[in-house]
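Novice: One structure follows; several queries about it will come next.
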Amino acid sequence: LMVGVASVALAVVVGVVRGLVAGYVGGRIAAVIMWIADVQLLFPAILIALLVNGVAKSVFGNKLDAMSTLSVLVVAIGLSFWVQYARTVRGSVMVEKNKDYVAAAQLIGLPAPVIMLRHVLPNTMGPILVIATINLALAIITEATLSFLGSGMPDTMPSLGTLIRIGNNYLFAGEWWIVAFPGIALAGLILSINLLGDW
């Protein structure tokens, strides 16, 4: 849950800022931001998370302690999910910036960052919250997958993916419950988050 919430918060911040700038400013800046987003959409989120995680581990090596590894994991998952927020916010901002309240704010001389944060952003929060609940479930699954593959949470911190990986070693010995109960807990957690998002 901690990794999921932190990585979704990072993805929201990065994606919303880029989407606001791309939608409000437009021009070449929007083209570059959307080009980067389109290139990132070519790769699955788990592959991007593995890439960022692998680069960090190769650069820092054994210097990473448990909290640093956790931070790298949050950044890796967060950077793999920002594109949806940027594209959604950009579309909403392009609609909102042509409305009368934005023109009135421009007429009284408010700077563009204030208009974007105070006036335009609150009117784009609905889709952001829906995407955030969906991405929370996806971030938890991504963390469990990375931990199952051995490149996620450090061994000193608990993870459902790590428990499933450890239980997988004893599966053919007939001790199926070591895999089954963490798997059921992970499925129940994802289902409850998705139901919360629908609600």
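The values are calculated or read from the model by the stated rules, or taken from the named source; none is laboratory data. Just so we're clear, the structure is a prediction, and the values are computed from it rather than from any experiment. A quick note on method: Cβ atoms are made from the backbone with ideal geometry, for glycine too, and the neighbour counts reach across all protein chains shown. What goes into the accessible areas is simple: the full protein's heavy atoms, side chains included, and nothing from ligands, DNA or RNA. Shrake-Rupley method; radii C 1.70, N 1.55, O 1.52, S 1.80 Å.
Novice: Give Tyr85, Tyr170 a once-over and let me know the one that is more than 23 Å from Leu51 (Cα to Cα) and among the aromatic types (Phe, Trp, Tyr).
Specialist: Only one candidate passes the filter, namely Tyr170.
Novice: Within the group Thr88, Thr69, which residue is touching a residue at least 60 places away in the same chain (Cβ under 8 Å), among the polar types (S, T, N, Q) and more than 21 Å from Asn194 (Cα to Cα)?
Specialist: Thr69
Novice: Please specify each residue of the range 99-144 satisfying the condition of being touching a Gly at 6+ places or on another chain (Cβ under 6 Å) and farther than 23 Å from Ala86 by Cα.
Specialist: If the condition is that a residue be touching a Gly at 6+ places or on another chain (Cβ under 6 Å) and farther than 23 Å from Ala86 by Cα, then Ala144 is the only one that fits.
Novice: Separate question: Name every residue in the range 135-148 that is more than 10 Å from the chain's Cα centre (by Cα) and open to solvent by 50 Å² or more (accessible area, probe 1.4 Å), in order of residue number.
Specialist: Listed by number, the residues that qualify are Ile141, Thr145, Phe148.
Novice: Has the range 94-105 got any residue that is outside any helix (DSSP H, G or I), acidic (Asp, Glu) and out of contact with any helix residue (DSSP H, G or I) (no Cβ under 7 Å at 6 or more places or on another chain)?
Specialist: no
Novice: Something else now. Output the residues belonging to the range 51-95 that are open to solvent by 30 Å² or more (accessible area, probe 1.4 Å), under 14 Å from the mean Cα position of the chain (by Cα) and not hydroxyl-bearing (Ser, Thr, Tyr).
Specialist: Val52, Val75, Leu79, Gln84, Arg87, listed by residue number.
Novice: Here's another thing I want to ask about it. Within the range 150-172, count every residue that is open to solvent by less than 80 Å² (accessible area, probe 1.4 Å) and either more than 16 Å from Gly4 (Cβ to Cβ) or not in a loop (DSSP other than H, G, I, E, B) (or both).
Specialist: 12
Novice: Determine which single condition Ile131 fails, assuming it passes every other condition in (1) modelled with pLDDT of 85 or more; (2) surrounded by fewer than 19 Cβ atoms within 10 Å (Cβ to Cβ).
Specialist: Here Ile131 clears every test but (2).
Novice: Of the numbered conditions (1) free of Cβ contacts under 8 Å to residues at least 24 places away in the same chain; (2) assigned to a loop (DSSP other than H, G, I, E, B); (3) of a type outside the set (Val, Ile, Thr), Ser147 fails exactly one; give the number of that condition.
Specialist: With (1) free of Cβ contacts under 8 Å to residues at least 24 places away in the same chain; (2) assigned to a loop (DSSP other than H, G, I, E, B); (3) of a type outside the set (Val, Ile, Thr) applied to Ser147, the lone miss is (2).
Novice: Can we say Ala180 is surrounded by fewer than 16 Cβ atoms within 10 Å (Cβ to Cβ) and part of a helix (DSSP H, G or I)?
Specialist: Against the criterion (surrounded by fewer than 16 Cβ atoms within 10 Å (Cβ to Cβ) and part of a helix (DSSP H, G or I)), Ala180 qualifies.
Novice: Which residue out of Ala11, Ala22 is over 21 Å from Pro111 (Cα atoms) and open to solvent by less than 70 Å² (accessible area, probe 1.4 Å)?
Specialist: From the options Ala11, Ala22, the qualifying one is Ala11.
Novice: Let me ask you something else. From the list Ala6, Ala22, exactly one residue is within 30 Å of Phe148 (Cβ to Cβ) and either assigned to a helix (DSSP H, G or I) or free of Cβ contacts under 8 Å to residues at least 12 places away in the same chain (or both). Which is it?
Specialist: Exactly one of Ala6, Ala22 is within 30 Å of Phe148 (Cβ to Cβ) and either assigned to a helix (DSSP H, G or I) or free of Cβ contacts under 8 Å to residues at least 12 places away in the same chain (or both), namely Ala6.
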